[in-house]
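**Q** I'd like to ask you about the structure that follows.
Coordinate-derived values only; no laboratory data. Because the structure is a prediction, the values reported are computed rather than measured. Every residue, glycine among them, receives a Cβ derived from its backbone with ideal geometry; neighbour counts consider all protein chains shown.
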């Protein structure tokens, strides 16, 4: 195993961590906004139910992003260890650690993909709640007669 093989993931992992951290921060802000909306007294029952459903999905999304961030961090540490062992000619252990790095990144990306699916579900919940309140005058709900998504 060459150091070039180890170096291919070296810049990609921190970029993935930055992107995941941005998602984590955005989700935290959205969850705070929904919580403050739920705390206000002027919310009707249907809107409250929609907000609670959105909050539930966001909590699941937050968990997936947290695991993706953790696994990316582990991958970066393993990548550094693989680089270290490869540089100092520990040729037996460096490929094993590199394989663990790749497995950690695969696991992180699986969490990211699952979070993306949930993100779409949360958006559909939001739009469905919007369309059910007779405020949909922008054509968002016009693709179905009943307003469902």
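**Q** Within a 10 angstrom radius of the beta carbon, how do 126, 56 rank from fewest other beta carbons to most? Don't jump to the answer; show the numbers that get you there.
**A** Values: 126 18, 56 12.
By the 10 Å Cβ count, ascending, the order reads 56, 126.
**Q** Return 39, 53 ranked ascending by Cβ neighbour count within 10 Å, so the fewest neighbours appear first. Could the numbers behind the result be given before it?
**A** Values: 39 8, 53 16.
So the ranking, lowest neighbour count to highest, is 39, 53.
**Q** Using only alpha carbon pairs under 8 Å that are at least six residues apart, calculate the relative contact order of the chain and give it in whole percent. Write down the numbers at each step before the final one.
**A** Numbers: 130 pairs, mean separation 42.5, N = 149.
Result for the chain is 29 percent.
**Q** Still on this structure, I have one more. Roughly what percent of Cα-Cα pairs across the chain reach past 20 Å? Don't skip to the answer; put the middle values down first.
**A** Numbers: 6557 of 11026 pairs.
Distances greater than 20 Å cover 59 percent of the Cα pairs.
**Q** Nearest 10 degrees, 0 to 90: what angle lies between the long axis of helix 45-87 and the longest principal axis of the chain (Cα atoms)?
**A** 10 degrees
**Q** Could you tell me the distance between the Cα centroids of segment 72-117 and segment 1-69, to the nearest Å?
**A** Between the Cα centres of segment 72-117 and segment 1-69 lies a distance of 23 Å.
**Q** How large are Rg and Dmax for segment 20-74 when calculated on the C-alpha trace, in angstrom?
**A** Spelled out, the Cα radius of gyration and Dmax of segment 20-74 are 13.3, 45 Å.
**Q** Based solely on its DSSP helices, what 222 nm [θ] is calculated for the chain when runs of n ≥ 4 H residues each add -39,500 (n - 2.57) and the sum is averaged over all residues, nearest 500 deg cm²/dmol? All intermediate terms of the calculation are to be shown ahead of the outcome.
**A** Numbers: 4 runs with 114 residues, N = 149.
Counting only the DSSP helices, I get -27500 deg cm²/dmol.
**Q** Which ordering of 96, 65, 57 is given by a fewest-first count of other beta-carbon atoms within 10 Å? Display every interim value, and only then the final one.
**A** Working: 96 14, 65 25, 57 19.
Listing 96, 65, 57 from fewest to most nearby Cβ atoms yields 96, 57, 65.
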